[in-house]
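Undergrad: Below is a structure I'd like to ask you about.
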Amino acid sequence: MDLSTRIAQRLAALDQQGLRRRLRQVETACGPKVRVNERDMLAFCSNDYLGLASHPEIIAALQEGAQRYGAGSGASHLISGHSHAHALLEARLAQLYSRYFDSPRALYLSTGYMANLAVMTSLARLEHETVFFSERLNHASIIDGLKLARAKTCIYEHADVTHLGRLLSETPAAMRVVVTDSVFSMDGNLAPLRELAELCGQYDAILVVDDAHGFGVLGEHGLGVLEVLSLQYVNLIYMGTLGKAAGVSGAFVVANEQLVEWIVQQARSYIYTTAAAPALAHALQTSLDLITGTQGRQRRASLAAHQATLKQYLHLQKWQAPESDTAIQPVIIGGNELAFQVGSFLWNQGLWVPAIRPPTVPADTARLRITLSAAHTRNEVTRLARAVVQAEQEYAT
Ligand SMILES: *Cc1c(COP(=O)(O)O)cnc(C)c1O
């Protein structure tokens, strides 16, 4: 069999299982109203939770950053790509999180995916017998980071602190690292972080928290789960992403100064890649001003109001809309094909809501993943809720 026949067969199998994914071209800036594949759509799929991706002040800051620092960094951080703009952003982030760490240092990385690779691989190199304890529903970038680290990994069941406790006590290790998403990206629920931190304390374990969907969204100043839970833990590593609520690009890690220095020295996904454009770091300062200031507070209040509106109008009989206190609002449908059909039904009404299928979510839990943004209006949210209720009447069996 030649290569193209082989690939065609494999792709046909994906089609048959309802797992073939399609790229859609967005012709306008990120926002609730987008033009995509030459159609006007109302989008409930971006992670631009605060509506900052098209904020005029951030766009202006990006332009200013490009004027000042140019288009590209030219090299990796440890060669000559580490700009003053990167350093200023890191200092600002460390300062923002100073009450959660003893001597904090922040590190800016190109993406959250690379940040997780950096954290897992460098921690694995700290001690020969490091064992990682990873939550069942962790993001793919954590899973890939653990694979790349080639470290021993135990998976604990979703939100199951008792199971984690058992695994910690049964598993001998020179060093233990517990890794979890703070907000689960396909469910929108929070990890039991206080209990996890307490358990980690008993084993002197490192706790890594990936707050990709909490940063900007949770807490009075948008500082995420640490702020909303007043979480403090001596061996904490906090990761936040800057391409979601922050509306720009990249990610950051905050931890004790020494731990971050170790990541800088060891993480190949930090060392062997060109530093992100300094203009992005410059624009992120404005994003942080907005997130932590009055506008951020107002936008978080709008988002919370939209969550309440959706809940109020989304009366479902058969499908499940699990409790979620975040911008991520799933509707669990079940089968792949059915979820796909419902996604198409909504699409045909001008509503863009992704149908998420395995392997991104467990088998038989294909779902609509509704994401709300402060940039939506109340009317847009009720329109979506009504359409989903109508879809249930037409499609649920
Ligand atoms: C999006 C996401 C990432 C990856 O961040 P990027 O900046 O998009 O690469 C990591 N972890 C979680 C939980 C995410 O949702």
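The values are calculated or read from the model by the stated rules, or taken from the named source; none is laboratory data. Note that the coordinates shown come from a computational prediction; the quantities given were computed from them, not determined experimentally. No Cβ is skipped: glycine too gets one built from the backbone with ideal geometry, and neighbour counts run over all protein chains shown.
Undergrad: Filter the range 97-115 for residues that are within 16 Å of the ligand (Cβ to nearest atom) and either in a helix (DSSP H, G or I) or over 15 Å from Gln258 (Cα atoms) (or both) and give the result.
TA: So the first thing to find is which residues in the range 97-115 are within 16 Å of the ligand (Cβ to nearest atom), and the list is 106-115.
Selection gives Tyr108, Leu109, Ser110, Thr111, Gly112, Tyr113, Met114, Ala115.
Undergrad: Also, I was wondering about something else. Can you say whether Val353 is aliphatic (A, V, I, L, M), crowded, with 17+ Cβ neighbours inside 10 Å and at pLDDT below 95, as far as the supplied structure shows?
TA: Numbers: aliphatic (A, V, I, L, M): yes; crowded, with 17+ Cβ neighbours inside 10 Å: yes; at pLDDT below 95: no.
Judged against the criteria, Val353 is not a match.
Undergrad: Within the range 136-185, which residues are at pLDDT 95 or above and of a type in the set (Ser, Thr, Tyr)?
TA: Residues satisfying the conditions are Ser141, Thr153, Tyr156, Thr162, Ser169, Thr171, Thr180, Ser182.
Undergrad: Restricting attention to the range 348-392, report how many residues are farther than 28 Å from Gly216 by Cβ and over 20 Å from the mean Cα position of the chain (by Cα).
TA: Total meeting the criteria: 9.
Undergrad: Of the numbered conditions (1) under 12 Å from the mean Cα position of the chain (by Cα); (2) within 16 Å of Thr326 (Cα to Cα), Leu242 fails exactly one; give the number of that condition.
TA: Of (1) under 12 Å from the mean Cα position of the chain (by Cα); (2) within 16 Å of Thr326 (Cα to Cα), only one is false for Leu242: (2).
Undergrad: For Glu198, state whether it is in contact (Cβ under 8 Å) with a residue 40 or more places away in the chain, away from the ligand (no atom under 16 Å from the Cβ) and among the acidic types (Asp, Glu). Steps first, answer last, please.
TA: Details: in contact (Cβ under 8 Å) with a residue 40 or more places away in the chain: no; away from the ligand (no atom under 16 Å from the Cβ): yes; among the acidic types (Asp, Glu): yes.
It is false that Glu198 is in contact (Cβ under 8 Å) with a residue 40 or more places away in the chain, away from the ligand (no atom under 16 Å from the Cβ) and among the acidic types (Asp, Glu).
Undergrad: What are the residues in the range 50-95 that are surrounded by fewer than 20 Cβ atoms within 10 Å (Cβ to Cβ), within 24 Å of Leu223 (Cα to Cα) and not aliphatic (A, V, I, L, M), if any?
TA: Answer for the range 50-95, where residues must be surrounded by fewer than 20 Cβ atoms within 10 Å (Cβ to Cβ), within 24 Å of Leu223 (Cα to Cα) and not aliphatic (A, V, I, L, M): Ser54, Pro56, Glu57, His84, Arg92, Gln95.
Undergrad: Just to verify a result, which residue in the range 242-271, among those that are more than 16 Å from the ligand (Cβ to nearest atom) and outside any helix (DSSP H, G or I), is nearest to Ala53 (Cα to Cα)?
TA: The extreme case among them is Ala255.
Undergrad: Limited to the range 210-240, what total is found for residues that are within 14 Å of the ligand (Cβ to nearest atom) and either over 16 Å from Ala94 (Cα atoms) or not in a strand (DSSP E or B) (or both)?
TA: 11
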